[in-house]
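The structure appears below as structure tokens.
The values are calculated or read from the model by the stated rules, or taken from the named source; none is laboratory data. Keep in mind that what you see is a predicted model, and the values were worked out from it rather than measured. Every residue, glycine among them, receives a Cβ derived from its backbone with ideal geometry; neighbour counts consider all protein chains shown. Protein only, heavy atoms only, side chains kept; ligands, DNA and RNA dropped before computing areas. Shrake-Rupley method; radii C 1.70, N 1.55, O 1.52, S 1.80 Å.
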Amino acid sequence: PCREGRQRPGSPPGPSRPPGPPPRGAPAPPPRLVPAAPAPGTAAASGPESKDSCPAPPSRPTPPTSHPGKDTVIVAKVNGKELQGKPTFKWIKGKWLELGSKSGARFTFKESHDPASNVRTLWGRGGMGARAGGCTGPASQKAYCLRRDSAASEKESDTAGGWRRQRETLTSSPRGGPACSPTLREVVEEENKKKKKDDDDLGIPPEVWELLKGAKKSEYERIAFQYGITDLRGMLKRLKKAKVEVKKSAAFTKKLDPAYQVDKGNKIKLVVEISDPDLPLKWFKNGQEIKPSSKYVFENVGKKRILTINKCTLADDAAYEVVVKDEKCFTELFVREPPVLIITPLEDQQVFVGDRVEMSVEVSEEGAQVMWMKDGVEMTREDSYKAQYRFKKDGKRHILIYSEVTLEDKGRYRVMTNGGQCEADLIVEEKQLEVLQDIADLTVKASEQAEFKCEVSDEKVTGKWYKNGVEVRPSKRITISHIGRVHKLPLEGIGRAQLPSLKLPRISALPPEPPKIHLDCSGKTSENAIVVVAGNKLRLDVSITGEPPPVATWLKEDQVWWDMPYALTFPSQLFWVFSATEGRVRIEQREGSSSFLIESAERGDEGRYTIKVTNPAGEDVASIFLRVVDVPDPPEAVRVTSVGEDWAVLVWEPPKYDGGQPLTGYLLERKKKGSQRWMKLNFEVFTELTYESTNMIEGVLYEMRVFAVNAIGVSQPSVNTKPFMPIAPTSEPQHLMVEDVTDTTTTLKWRPPDKIGAGGIDGYLVEYCVEGSDEWIPANTEPVERCGFTVKNLPTGAKIVFRVVGVNIAGRSQPATLTQPVTIREIQPKIRLPRHLRETYVRKVGEHLNLVIPFQGKPRPQVVWTKGGAPVDASRVHVRTSDFDTVFFVREAARSDSGEYELGVQIENMKDTATIRIRVVEKAGPPEHVMVKEVWGTNALVEWQPPKDDGNSEITGYLVQKADKKTMEWFTVYEHNRHTCCTVSDLIMGNEYYFRVYSENFCGLSDLPGVSKNTARIVKTGITFKPFEYKEHDFRMAPKFLTPLPDRVVVAGYAAALNCAVRGHPKPKVVWMKNNMEIREDPKFLMTNYQGVLTLNIRRPSPFDAGTYSCRAVNELGEALAECKLEATNYVPQRWVTLIGASQVPPGL
């Protein structure tokens, strides 16, 4: 509204609220968006201002136009006059993505407040145009909105709604009311005409219409919110009229989402789905193609193409693009930094001037960025030299240090992170100086020493001695001392002749006195030497005396640095005025002293300093050697000298500069190549210059670095070593043997090593050594890849030992050496008969015979096989002979192949022979003449004769079986019976038995048995059975209760059981009754009878189940009755609570 009390057109009349602040307790109205100031030369309104003139119309942030490679700025202003508190603002991108300090380095948001007009201005700056990159897809068109959250106006409508209501009010003008400014009216009329003229377009750009035409119906709401479209109904009508067919992507069936968000350090997967799995696909980040690596992992799952980004950092906050043929899809990835929380906040401190102050705060992450503020002003390192403070980081702790605090340093200090803040007060007070021991009156004799002494509360306070109102200065007779809090004035050789000098009339000038330097080197390590730690403040205060006041000149290495003091003389007193040079190194002059200051000592400040004081009466010179100690330089020449399977030896040299302090040791770190995380190798300092690092992974590239440590601290890291890979040599080659020997050569063969490792194997080297010598001669200079080698040009007749080593990038393996030396000569024929052929070789009929017999001899010998002095039958026996063995082969062995074979190996007149005995066996025949020789009692004697054919093998035993003549079922009686007879026992009387016997040899049991021709009949004897006479006992008895029913008191709701025991024969019938009424099939009761023990289970009894219960047992001889009383209560007795526990008692009991 233009003024208070004005109503909107069409609204019902009502009383207008008088102007002024809202009533107490009423919710504050929402803030209004105020437009920016008009451009120069543009009138804000026509006509003079008055109380009824309209205020500037509220406006929303204008959608900016972004250009590739340039930043975009969005400005909004909010009128907060009617707000009770400070509102909070949030920037939102698109529909859901909140922007802020965790959105990466591209966006910057600021806020300012004008107290005069109570208008808050907000700026949003970001590389939006650069991120768009000239793209035409959805990624290049984003909607940015500003949302206001205020505790005082949560129930009010949002800012956009208020803006629309105010605009409607401004565009309407009731008759007779005061008119708005003509400029505003013209603007409103222009907007109305433009709206009528282009009603169909709804103010939506053409490119957005194209985007809507190609989008799904479910995406309409998201696109409308993204591009600020409020008239959804009009947009849907326009789309319905267009009736444009949705264009489907030929390459993508599922595209990337417009934006993704991930926390720093986590991984994220970007997934697209393509129509053809054979189509080539490329991923781009900010226009640069992404190559696969450990960070970027590509996956193909069917038609899905997945890009996995591991361990996301702020560098991954970028625009990503997928290209398939000529089609593209885009997205943006936002990486959020985790909030840095404050673990241990600042604490209030109260100190005195000159004290050392450390204010520390602990945060949740190492290396986090924090901001220090004092009284609302940021504290920076650039201002630390002026304010004399410094910052220090110790892991998660951040420390603000004042070496000597002053009154100007007091105030309220604040530490801010992106996850919180904390505050504390620093109170600095002046020390109240107290005199602990006052000057006492002295009475001394002439020529004796007198000493005045006093003690004050502060050690740093300097004092002045006065005699009759005149300052006492040091001289040869007077020495003024200041040790700690004690100040002394000794006077030596006091005589009466000196007393009248005190009564001399006052003169206007003092006699000349040569200048004197009173130098006190506190903390000195040698004569006039001072040690200071680099980075600390140094202050040299030198007392100067002389008349007239001398001029002090500070020199370093005969170079004049500063000529400081200027002397001014006044009639009553002498004043010294000095102009100090500002900077890190400066001079301060006071009356009677000259001070040399270095704010932050550096290594170049070390040297000898000379102070020279001069006046007309003379001069004095003193020298001070300033020694600056610092952390040492990094170690030099750091290198890896050797590596192994999981270890490496690191060597380095000490640093050239040890920091002025002896080195205490070294700290070492290592990491995998490409990683940013260094791992400490030692926590205690290492004093040697060689270190062996272990527990590394073979085949992985590593880098190492070294730190030097002295009493001051730890140096900067050394230069990283060259990447190295822990690789171990292979194990020794296996099964080294001699394959062939001539008079000048030897052929060796072997197998690869059992363990090769990640370094692989490049080849093998062969070396030999003549027996009796220690010199190994290489047989090959280049490694051979195959597992065999012929050593040539060997001396004939010599005995030589050979060895083979494997070679890879890590070096030589352990050698594989022959156990016996090899004689280099021609080999005589020699048959090496295998052990199993030195005895009779037994095979079964039908199996194949395959005999491999090695031999040696050079040149190749002649091999002859014979049987019984005649050559073997070539139709049955196949012989194959090579240079080193002969093979005797028969496909199917027969018993005729049994016999002795002779093998002969001959070279000229040298011959060697061997005999091989072969036996081919088969199953034996059945035993003969199986007879039952004798039968007595239940026993039978069975005898038989051995079989005619033993199968060319020894009979090892017999298997005996029996069968009843009635059933003819055979049962084994004996196995592996060695004899040709046996006695069968435990036969059944009255039965008649047959017997059969199998023979057994090397091949097993015979196929057919030998069956007995006669039988063994077991005859019954005449035995009669006479039963015993006995009198049957009468076990019948009437029912009798052995255990009666006891009275019971139960708790309602708990299961109860009534138990008793009854005895009777025949088994009595049991009937349970309640109040003399029989209990029949009632699910509340369960009756059991287990061997006379009767149980009645009552399920969750209630007070209505109380009464008299009885159990009646009845049989033909009588009956018995047992009764008990049952009570059900709603409380639990105390002894029950003790037994079952209070936790088991239901509530209310």
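Some notes on this structure:
- Probe 1.4 Å, all protein chains present, accessible-area order of Glu688, Glu365, largest first: Glu688, Glu365
- Spatial extent of segment 946-1071: Rg and Dmax, with the Cα atoms as the point set, Å: 33.6, 95
- For segment 876-933, the calculated P(r), taken from all Cα-Cα distances in 10 Å bins from zero up to the bin holding the longest distance, is 15, 36, 22, 12, 8, 5, 2 percent.
- Backbone amide hydrogens, once placed in the peptide plane, bring Ile1079 within less than 5 Å of Trp1072, Met1073, Lys1074, excluding anything fewer than 5 places away on its chain.
- In this structure, the pairs whose alpha-carbon distance is over 32 Å, taken from Lys303/Lys755; Lys213/Lys264; Lys90/Lys392; Lys844/Lys933; Lys93/Lys254; Lys537/Lys673, are Lys303/Lys755; Lys213/Lys264; Lys90/Lys392; Lys844/Lys933; Lys537/Lys673.
- Convex hull per residue volume in Å³, alpha carbons only, for segment 572-702: 171
- Accessible-area value, Val852, 1.4 Å probe, nucleic acids and ligands omitted, Å²: 70
- In segment 283-367, the C-alpha radius of gyration followed by the widest Cα-Cα span (Dmax) gives 23.2, 75 angstrom.
- In order through segment 941-948: 3J(HN,Hα) via Karplus (6.51 cos²θ - 1.76 cosθ + 1.60), integer Hz, x for Gly, Pro: 9, 10, 10, 7, 10, x, x, 5
- Placed amide H near Arg608: partners under 5 Å, 5+ positions off or other chain: Glu557, Leu626
- Per-residue surface analysis assigns Leu346 an accessible area of about 10 Å², computed on protein heavy atoms at 1.4 Å probe radius.
- When the inverse distances between all different Cα atoms of segment 373-413 are averaged and flipped, the Kirkwood radius reads 11.0 angstrom.
- Ranked from largest to smallest solvent-accessible area, with a 1.4 Å probe on the protein heavy atoms, Ile777, Ile274 come out as Ile777, Ile274.
- Pair-distance profile P(r), taking every C-alpha pair of segment 922-1004, with 5 angstrom steps and integer %: 3, 15, 26, 23, 16, 10, 5, 2, 0
- Note on surface exposure: Glu513, Glu934 rank Glu934, Glu513 by accessible area, highest first, 1.4 Å probe.
- Mean separation of Cα contacts under 8 Å (6+ apart) over length of segment 866-968, as relative contact order %: 18
- Test item: Cα-centred dipole of segment 922-1031, Lys/Arg +1 and Asp/Glu -1 on Cβ, debye: 700
- In the context of the full protein assembly, Ser275 retains an accessible surface of approximately 40 Å², using a probe radius of 1.4 Å and ignoring ligands and nucleic acids.
- Overall dimensions of segment 813-927 by Cα: Rg and Dmax, Å: 17.5, 67
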